[in-house]
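**Student:** This is the structure I want to talk about, given as structure tokens.
The values are calculated or read from the model by the stated rules, or taken from the named source; none is laboratory data. Since the model is a prediction, treat every value here as computed from it, not as a measurement. So basically every Cβ, Gly included, is an ideal-geometry build from the backbone, and we count neighbours across all protein chains shown.
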């Protein structure tokens with residue numbers, strides 16, 4: 001279970017999404033299970049916690065969610081609310097295990113106070129293993145009275161179709177672009193609007209991209225991609241250079257660059273920052289359009305599978321070997 005946390009503000013660019021949920025609550029039409037997904041860096045984790053805290057508040061409103069002053073908000077702030085439970089990935093594998101979900105399912109069957117919700121949050125729901133996901137079906141098929149289950153998933157396709165079909169799914173987006181730009185400016189981001197346009201991530205991702213660590217990792221990834229396609233180093237040396245980076249970060253970049261390279265190969269305009277455009281210009285002719293598409297599809301499959309939780313070297317070696325073989329063909 002998660003550690004206690006104070007009340008959470010809604011990311012301003014996601015406020016219209018909350019207002020839609022609030023209206024459904026007011027109309028008595030709130031689904032018993034809501035699944036939220038969206039691009040990286042959008043603030044999904046913050047948003048879903050805001051939603052849960054707001055639904056438990058005794059005085060929630062359309063604009064600020066939880067009031068922060070009622071007894072329920074005080075209990076949430078103290079991490080001691082009897083009608084709130086949260087599940088997050090645990091351990092080195094960062095998976096959600098079946099025993100944890102079974103405990104949650106039993107808890108959700110308990111009665112909620114009159115006129116109130118009993119709310120559960122599963123952050124990174126796509127980290128549930130198969131048995132854990134199957135255990136969740138019980139509460140999705142037979143929800144407790146006024147029980148609400150909120151799930152957040154970056155890769156909803158990793159969830160079984162039986163889970164997805166029983167949830168009201170919302171694809172979060174930057175619903176208020178002006179609010180996103182204003183937030184970035186307040187955080188000290190230069191050329192905020194242009195960076196948001198080209199980043200392919202949400203505002204939190206744009207802010208992360210300003211850090212020295214993120215920039216250093218990006219340079220390492222670009223060098224590795226050049227070295228692989230332009231035959232500048234051995235596969236072993238290239239993979240070793242990326243060993244400290246998360247496999248998901250590597251695969252996400254390589255999928256994006258493969259798609260861009262294919263577009264460039266087909267003379268389709270590519271929108272990106274200058275450094276990425278330079279990279280794509282250097283490597284796009286190394287593979288045919290069909291080969292780029294094949295590798296894009298394979299990288300996407302790796303990203304959606306459990307392989308992305310393995311060590312980076314194990315994930316990349318086979319992929320890189322196939323790409324290198326194609327460049328020599």
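**Student:** From (1) in a helix (DSSP H, G or I); (2) modelled with pLDDT of 90 or more, pick out the condition that doesn't hold for residue 99.
**Tutor:** Among (1) in a helix (DSSP H, G or I); (2) modelled with pLDDT of 90 or more, the lone unmet condition for residue 99 is (2).
**Student:** Take residue 312 and decide whether it is in contact with a helix residue (DSSP H, G or I) (Cβ under 9 Å, 6 or more places away or on another chain), surrounded by 19 or more Cβ atoms within 10 Å (Cβ to Cβ) and under 29 Å from residue 95 (Cα atoms).
**Tutor:** Values: in contact with a helix residue (DSSP H, G or I) (Cβ under 9 Å, 6 or more places away or on another chain): yes; surrounded by 19 or more Cβ atoms within 10 Å (Cβ to Cβ): yes; under 29 Å from residue 95 (Cα atoms): yes.
Answer is yes for this residue.
**Student:** Next question. Looking for whichever is surrounded by fewer than 17 Cβ atoms within 10 Å (Cβ to Cβ), at pLDDT 85 or above and under 25 Å from the mean Cα position of the chain (by Cα) here; the options are 297, 306, 322. Which one fits? Can you show your working first?
**Tutor:** Working: 306 fails: at pLDDT 85 or above; 322 fails: under 25 Å from the mean Cα position of the chain (by Cα).
None of the other options fit; the residue is 297.
**Student:** With assigned by TED's automatic domain parsing to the domain that holds residue 127, assigned to a loop (DSSP other than H, G, I, E, B) and over 16 Å from the mean Cα position of the chain (by Cα) as the only criterion, which of 29, 23 stands out?
**Tutor:** Numbers: 23 fails: assigned to a loop (DSSP other than H, G, I, E, B).
Only one candidate qualifies: 29.
**Student:** Assess whether residue 13 counts as being modelled with pLDDT of 95 or more and in contact with a helix residue (DSSP H, G or I) (Cβ under 6 Å, 6 or more places away or on another chain).
**Tutor:** Numbers: modelled with pLDDT of 95 or more: yes; in contact with a helix residue (DSSP H, G or I) (Cβ under 6 Å, 6 or more places away or on another chain): yes.
Judged against the criteria, residue 13 is a match.
**Student:** Also, quick follow-up: Residues in segment 273-285 that are buried (at least 19 other Cβ atoms within 10 Å of the Cβ) and in contact with a helix residue (DSSP H, G or I) (Cβ under 6 Å, 6 or more places away or on another chain): how many?
**Tutor:** Filtering segment 273-285 for residues buried (at least 19 other Cβ atoms within 10 Å of the Cβ) gives 276, 279-280, 283-284.
Checking which are in contact with a helix residue (DSSP H, G or I) (Cβ under 6 Å, 6 or more places away or on another chain) leaves us with 279-280, 283-284.
Looking only at that region, the number is 4.
**Student:** Which condition from (1) closer than 22 Å to residue 60 by Cβ; (2) surrounded by 14 or more Cβ atoms within 10 Å (Cβ to Cβ); (3) free of Cβ contacts under 8 Å to residues at least 24 places away in the same chain is the one that residue 82 breaks?
**Tutor:** Checking residue 82 against (1) closer than 22 Å to residue 60 by Cβ; (2) surrounded by 14 or more Cβ atoms within 10 Å (Cβ to Cβ); (3) free of Cβ contacts under 8 Å to residues at least 24 places away in the same chain, the one that fails is (2).
**Student:** In segment 34-52, which residues are crowded, with 21+ Cβ neighbours inside 10 Å and assigned to a loop (DSSP other than H, G, I, E, B)?
**Tutor:** Those that are crowded, with 21+ Cβ neighbours inside 10 Å and assigned to a loop (DSSP other than H, G, I, E, B): 38, 42, 43.
**Student:** Could I ask something else about it? Working carefully through the options 140, 151, find the one that is part of a helix (DSSP H, G or I), touching a strand residue (DSSP E or B) at 6+ places or on another chain (Cβ under 8 Å) and either under 21 Å from residue 109 (Cβ atoms) or assigned by TED's automatic domain parsing to the domain that holds residue 55 (or both).
**Tutor:** On the way: 151 fails: part of a helix (DSSP H, G or I).
The unique qualifying residue is 140.
**Student:** So, in segment 72-92, of the ones that are touching a helix residue (DSSP H, G or I) at 6+ places or on another chain (Cβ under 8 Å), modelled with pLDDT of 90 or more and assigned to a loop (DSSP other than H, G, I, E, B), which residue ends up nearest to residue 126 (Cα to Cα)?
**Tutor:** It comes out as 83.
**Student:** Suppose the filter is in the same structural domain as residue 113 (by TED's automatic domain parsing) and either in a helix (DSSP H, G or I) or in contact with a helix residue (DSSP H, G or I) (Cβ under 8 Å, 6 or more places away or on another chain) (or both); does residue 69 pass it?
**Tutor:** On the way: in the same structural domain as residue 113 (by TED's automatic domain parsing): yes; either in a helix (DSSP H, G or I) or in contact with a helix residue (DSSP H, G or I) (Cβ under 8 Å, 6 or more places away or on another chain) (or both): no.
Against the criterion (in the same structural domain as residue 113 (by TED's automatic domain parsing) and either in a helix (DSSP H, G or I) or in contact with a helix residue (DSSP H, G or I) (Cβ under 8 Å, 6 or more places away or on another chain) (or both)), residue 69 does not qualify.
**Student:** Follow-up question, since we're still on this one. Take segment 19-58 and flag every residue that is free of Cβ contacts under 8 Å to residues at least 12 places away in the same chain and under 22 Å from residue 139 (Cβ atoms).
**Tutor:** 24, 28, 29
**Student:** Moving on to the next point. Is there a residue being part of a loop (DSSP other than H, G, I, E, B), in contact with a helix residue (DSSP H, G or I) (Cβ under 6 Å, 6 or more places away or on another chain) and either under 30 Å from residue 95 (Cβ atoms) or not assigned by TED's automatic domain parsing to the domain that holds residue 124 (or both) anywhere in segment 179-186?
**Tutor:** Filtering segment 179-186 down to residues part of a loop (DSSP other than H, G, I, E, B) leaves none.
Within segment 179-186 (the criterion being part of a loop (DSSP other than H, G, I, E, B), in contact with a helix residue (DSSP H, G or I) (Cβ under 6 Å, 6 or more places away or on another chain) and either under 30 Å from residue 95 (Cβ atoms) or not assigned by TED's automatic domain parsing to the domain that holds residue 124 (or both)), the answer is no, since none of the residues qualifies.
**Student:** With respect to residue 240, is the statement that it is more than 20 Å from residue 318 (Cα to Cα) and surrounded by fewer than 20 Cβ atoms within 10 Å (Cβ to Cβ) true? Even if it seems obvious, please write down each step before you answer.
**Tutor:** Details: more than 20 Å from residue 318 (Cα to Cα): no; surrounded by fewer than 20 Cβ atoms within 10 Å (Cβ to Cβ): yes.
For residue 240, the condition - more than 20 Å from residue 318 (Cα to Cα) and surrounded by fewer than 20 Cβ atoms within 10 Å (Cβ to Cβ) - is not met.
**Student:** Then there's this: Being surrounded by fewer than 19 Cβ atoms within 10 Å (Cβ to Cβ) and not in a loop (DSSP other than H, G, I, E, B) narrows it down to one of 232, 248, so name that one.
**Tutor:** Details: 232 fails: not in a loop (DSSP other than H, G, I, E, B).
Every option except 248 fails the conditions.
**Student:** Of the residues 325, 279, 266, 230, only one is under 26 Å from residue 209 (Cα atoms) and out of contact with any strand residue (DSSP E or B) (no Cβ under 6 Å at 6 or more places or on another chain); which? Before you say what the answer is, go through the steps one by one.
**Tutor:** Details: 325 fails: under 26 Å from residue 209 (Cα atoms); 266 fails: under 26 Å from residue 209 (Cα atoms); 230 fails: under 26 Å from residue 209 (Cα atoms).
Within the list 325, 279, 266, 230, the selection yields 279.
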